[in-house]
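The structure appears below as structure tokens.
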Amino acid sequence: MELFEAIEKRHSYRFGFKDQAVPREDLVRIVQAGIQAPSGCNAQTTSFVIVDEPELIAKINEVITKRVIGEAKAIIVCVASHPDVYHGMSFGVEDCAAAVENMLLAITALGYATVWMDGALRCDESAQQIAALLGVPEEREVRIILPVGVPEQRVVQKEKKPFEERASFNRF
Ligand SMILES: Cc1cc2nc3c(=O)[nH]c(=O)nc-3n(C[C@H](O)[C@H](O)[C@H](O)COP(=O)(O)O)c2cc1C
């Protein structure tokens, strides 16, 4: 799929998935797209745990009980770290977000669907519970998860405000 088509087709998907495997080859391609994202000072602060064991997916679904998690064939767990990389600044959150956007586009281009789950992780210590399940070291943060699968429903991207409302040339 051409890049601009993937940008237009990308959407948040929160419904069920077909009972169709997502091959590891595709998961590696998707996560490689995340690895190739830019990061502040090229510090590459985001790590990725690719969960494709059904038992582990079921355990994550006990923490976040949503169909899009329970029926996912894989869940990409993005683990952020926050080292000082430039004059006391950390870019861990931005690095993670850049990696996630690359992966959203790769997931779309390969014909799968996903949703950026972030807010959901910050309720009821869900991120910490998932970190414990996956053996994530304490100083690192489970920040975003991406359930992946072949969508059973057709969904389109939510409407965006027109260009003129959000962008301008030379002056705000
Ligand atoms: C920082 C961030 C956090 C998000 N957290 C969640 C979340 O926890 N759960 C969820 O269902 N969607 C989440 N989303 C997806 C947004 O709700 C979605 O992108 C937005 O409604 C626009 O829809 P679209 O992705 O189809 O364009 C998040 C998106 C971003 C960028």
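The values are calculated or read from the model by the stated rules, or taken from the named source; none is laboratory data. What you are looking at is a predicted structure, and each value in this text was computed from that prediction instead of being measured. Here the Cβ positions follow ideal geometry from the backbone for every residue, glycine too, while neighbour counts run over all protein chains shown.
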* To do: Find the residue count for region 81-116, including only residues that are surrounded by fewer than 21 Cβ atoms within 10 Å (Cβ to Cβ) and part of a strand (DSSP E or B).
  => 2
* Structure fact -> Taking region 42-76 and keeping only residues that are in contact with a Gly (Cβ under 7 Å, 6 or more places away or on another chain) and within 10 Å of ILE145 (Cβ to Cβ), one is left with ALA72
* Asked: Hey, among VAL136, VAL148, which residue is crowded, with 16+ Cβ neighbours inside 10 Å, more than 13 Å from the ligand (Cβ to nearest atom) and in a loop (DSSP other than H, G, I, E, B)?
  -> VAL136
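Quickly run through region 38-69 and pick out the residues that are closer than 24 Å to GLY16 by Cβ, within 16 Å of the ligand (Cβ to nearest atom) and crowded, with 17+ Cβ neighbours inside 10 Å. It would help to see each step written out before you state the result.
Initially, region 38-69 is screened for residues closer than 24 Å to GLY16 by Cβ, giving 49-69.
Subset that is within 16 Å of the ligand (Cβ to nearest atom): 60-61, 63-69.
Hits for region 38-69 are ILE60, ASN61, VAL63, ILE64, VAL68, ILE69.
Hey, among CYS78, CYS123, which residue is touching a strand residue (DSSP E or B) at 6+ places or on another chain (Cβ under 6 Å) and within 14 Å of the ligand (Cβ to nearest atom)?
CYS78
Being at pLDDT 95 or above, touching a helix residue (DSSP H, G or I) at 6+ places or on another chain (Cβ under 6 Å) and among the hydrophobic types (A, V, I, L, M, F, W, C) is true for just one of ILE35, ILE30, ILE76. Which residue is that? Talk me through it step by step, then tell me what you get.
Values: ILE35 fails: touching a helix residue (DSSP H, G or I) at 6+ places or on another chain (Cβ under 6 Å); ILE76 fails: touching a helix residue (DSSP H, G or I) at 6+ places or on another chain (Cβ under 6 Å).
Result: ILE30 is the single residue among ILE35, ILE30, ILE76 that is at pLDDT 95 or above, touching a helix residue (DSSP H, G or I) at 6+ places or on another chain (Cβ under 6 Å) and among the hydrophobic types (A, V, I, L, M, F, W, C).
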